[in-house]
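Below is one structure, written out as structure tokens, with a few remarks after it.
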Amino acid sequence: MRTARRRTTLLATTASATAALLAAGVLTAVTAHAAAGCQVNYSVAGEWPGGFTGNVVVTNLGDPISGWTLRWSYSAGQQVVSPWNATISQSGSQVTATNVAYNGDIPTNGNVSFGFNGSWNNSSNPAPTSFTLNGVTCTGGVTPTTPGGTTPPPTTAPPTTPPPGPVPTGLVGWATQNGGTTGGGNASSTTVTSESALRSAVSSSSAAVIRVSGTISCSGMLSVGSNKSILGVGSSATISGCGFNINGSRNVIIRNINFRNWNDDAINVQESATNVWVDHNSFTNGYDGAVDIKRGSDYITVSWNRIFNHDKSMLLGHSDNNSSQDRGHLRVTYHHNWFDGSGSRHPRVRFGNPVHVFNNYYYNNDYGVASTMGAGVLVEGNYFESVDDPTLVGYASSGPGTLVQRNNHFVNSGSPQSSGSVASIPYSYSLTSASQVKSVVTNGAGTGKIGL
């Protein structure tokens with residue numbers, strides 16, 4: 001029997017928290033001297049044949065800004081393909097990024113972040129050497145704002161590492177491994193508005209970028225082939241009544257879609273499917289799992305999703321007797337998800353090691369993370385509020401796994417369980433301070449928060 005859960009009213013978060021939404025684990029990073037009164041950090045989070053992920057953090061060191069435009073130029077023919085948290089255009093080598101509706105204000109000493117996928121020549125991907133913010137070339141220092149002021153700008157060079165507290169919103173985690181996850185890549189996009197068109201597009205054997213527009217009502221499970229990007233248009237793209245079955249496929253991206261009323265699973269990843277990224281979706285009022293991953297699947301990232309008015313959230317591992325298929329696989333990263341009053345399985349883990357659960361916001365849940373059947377789970381930097389059991393070692397009839405919990409933040413919650421050690425994490429990533437996770441995640445998780 002489920003215990004009665006505490007109910008409270010979520011406090012409205014401030015617009016200034018939005019400024020801390022992005023930046024990724026860094027493979028290559030430079031801090032550019034970019035507008036007087038600002039500093040820009042440009043990083044490359046990952047590269048693959050023909051493509052890369054870029055992340056940009058702009059720190060405002062001057063007067064508050066309402067509406068911003070950042071410009072830079074590439075020297076090696078790089079092209080921006082698909083941005084998020086900014087509107088980006090490119091003419092020749094010059095790139096222009098402007099704010100979207102929710103991140104136009106940058107207070108003094110505040111920052112704003114955005115990212116994009118781009119193309120490159122596979123041999124040279126140099127970082128831009130200068131930036132302009134609202135038409136002013138950045139220097140990394142502070143220009144006096146008082147008329148007649150004589151205080152010179154600081155002479156100390158800006159740091160060469162990312163500023164404190166960046167949050168990854170490009171692709172981070174296990175889906176960056178095993179060759180990376182690019183979905184449909186640069187394939188031509190097609191927009192679908194009906195069940196028949198959606199079913200045909202996602203099951204195709206060809207690489208495809210599929211844009212979902214409006215509400216599509218359907219039933220059952222839609223089979224998703226390899227090399228697909230399935231992207232919601234705006235904040236209202238909705239799939240109602242059915243779900244996606246990624247059965248043995250590889251290289252699939254699903255982003256910015258509202259899933260509701262599904263009659264099986266919303267997203268089912270199974271039978272050794274690999275390299276899947278599930279990002280910035282919203283899930284509510286379904287029958288079974290929101291995102292279930294099982295039967296030998298591997299190299300998966302589940303990030304920036306919101307689950308609400310739903311019970312069984314994210315199962316990892318099919319059953320206790322499936323060790324022969326699952327052991328050595330089921331490596332998944334869960335980060336910056338908002339488990340908003342959902343009941344359980346955030347995730348419930350069998351066999352996978354290491355499974356990485358970081359910077360998620362748990363609110364009013366029966367339990368958070370359960371490690372069972374020899375799994376190894378690292379739970380770090382999460383915010384647990386009104387959660388009966390934040391972490392469990394063993395659950396129901398399933399034997400224990402190992403679980404390391406560190407640097408988590410607990411509010412009105414039970415005591416976490418931990419036991420043993422966990423295999424090392426092979427990729428780079430940046431942690432949001434656990435005490436800031438609630439505001440960062442509630443501002444950034446779910447649909448309508450990225451530009452696609």
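The values are calculated or read from the model by the stated rules, or taken from the named source; none is laboratory data. Every value quoted in this text rests on a predicted model; they were computed, and no experiment measured them. Every residue, glycine as well, gets a Cβ built from its backbone with ideal geometry; the counts of neighbours run over all protein chains shown. For the accessible areas, the whole protein counts, side chains as well, though only heavy atoms, and no ligand, DNA or RNA atoms are used. Shrake-Rupley method; radii C 1.70, N 1.55, O 1.52, S 1.80 Å.
Total residues in segment 392-411 satisfying the condition of being small (Gly, Ala, Ser) and free of Cβ contacts under 8 Å to residues at least 40 places away in the same chain: the figure is 2.
One residue stands out in segment 416-434 among those that are among the hydroxyl-bearing types (Ser, Thr, Tyr), open to solvent by 40 Å² or more (accessible area, probe 1.4 Å) and part of a loop (DSSP other than H, G, I, E, B): the one that is nearest to Ile239 (Cα to Cα), namely Tyr429.
Residues being part of a strand (DSSP E or B) and charged (D, E, K, R) are entirely absent from segment 262-270. Out of Ser217, Ser226, Ser200, one residue alone is buried (at least 16 other Cβ atoms within 10 Å of the Cβ), of a type in the set (Ser, Thr, Tyr) and either at pLDDT 95 or above or out of contact with any Gly (no Cβ under 6 Å at 6 or more places or on another chain) (or both). It is Ser226.
Among the residues of segment 187-197, those that are surrounded by 15 or more Cβ atoms within 10 Å (Cβ to Cβ) and assigned to a helix (DSSP H, G or I) comprise Glu195, Ala197.
Only residues that are of a type outside the set (S, T, N, Q), under 19 Å from the mean Cα position of the chain (by Cα) and open to solvent by less than 10 Å² (accessible area, probe 1.4 Å) were counted across segment 379-405, and they come to 4.
Okay, residues lined up against (1) assigned to a strand (DSSP E or B); (2) not hydrophobic (A, V, I, L, M, F, W, C):
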| residue | (1), (2) |
| --- | --- |
| Ser371 | yes, yes |
| Val387 | no, no |
| Gln405 | yes, yes |
| Phe410 | yes, no |
| Gly414 | no, yes |
| Gln436 | no, yes |
| Val440 | no, no |
| Ile450 | no, no |
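Residue by residue, here is whether (1) in a loop (DSSP other than H, G, I, E, B); (2) open to solvent by 50 Å² or more (accessible area, probe 1.4 Å); (3) of a type in the set (D, E, K, R); (4) modelled with pLDDT of 80 or more holds:
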residue	(1), (2), (3), (4)
Ser89	no, yes, no, yes
Val95	no, no, no, yes
Val100	yes, no, no, no
Gly115	no, no, no, no
Gly118	no, no, no, yes
Asn121	yes, yes, no, yes
Ser124	yes, no, no, yes
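If the condition is being open to solvent by less than 10 Å² (accessible area, probe 1.4 Å) and either part of a loop (DSSP other than H, G, I, E, B) or under 24 Å from Ser235 (Cα atoms) (or both), then segment 283-299 contributes Phe283, Gly289, Ala290, Val291, Asp292, Gly296, Ser297.
Regarding segment 336-349, can at least one residue be identified that is open to solvent by 40 Å² or more (accessible area, probe 1.4 Å), in contact (Cβ under 8 Å) with a residue 12 or more places away in the chain and either closer than 17 Å to Asn305 by Cα or within 25 Å of the chain's Cα centre (by Cα) (or both)? Yes: segment 336-349 contains one or more residues that are open to solvent by 40 Å² or more (accessible area, probe 1.4 Å), in contact (Cβ under 8 Å) with a residue 12 or more places away in the chain and either closer than 17 Å to Asn305 by Cα or within 25 Å of the chain's Cα centre (by Cα) (or both).
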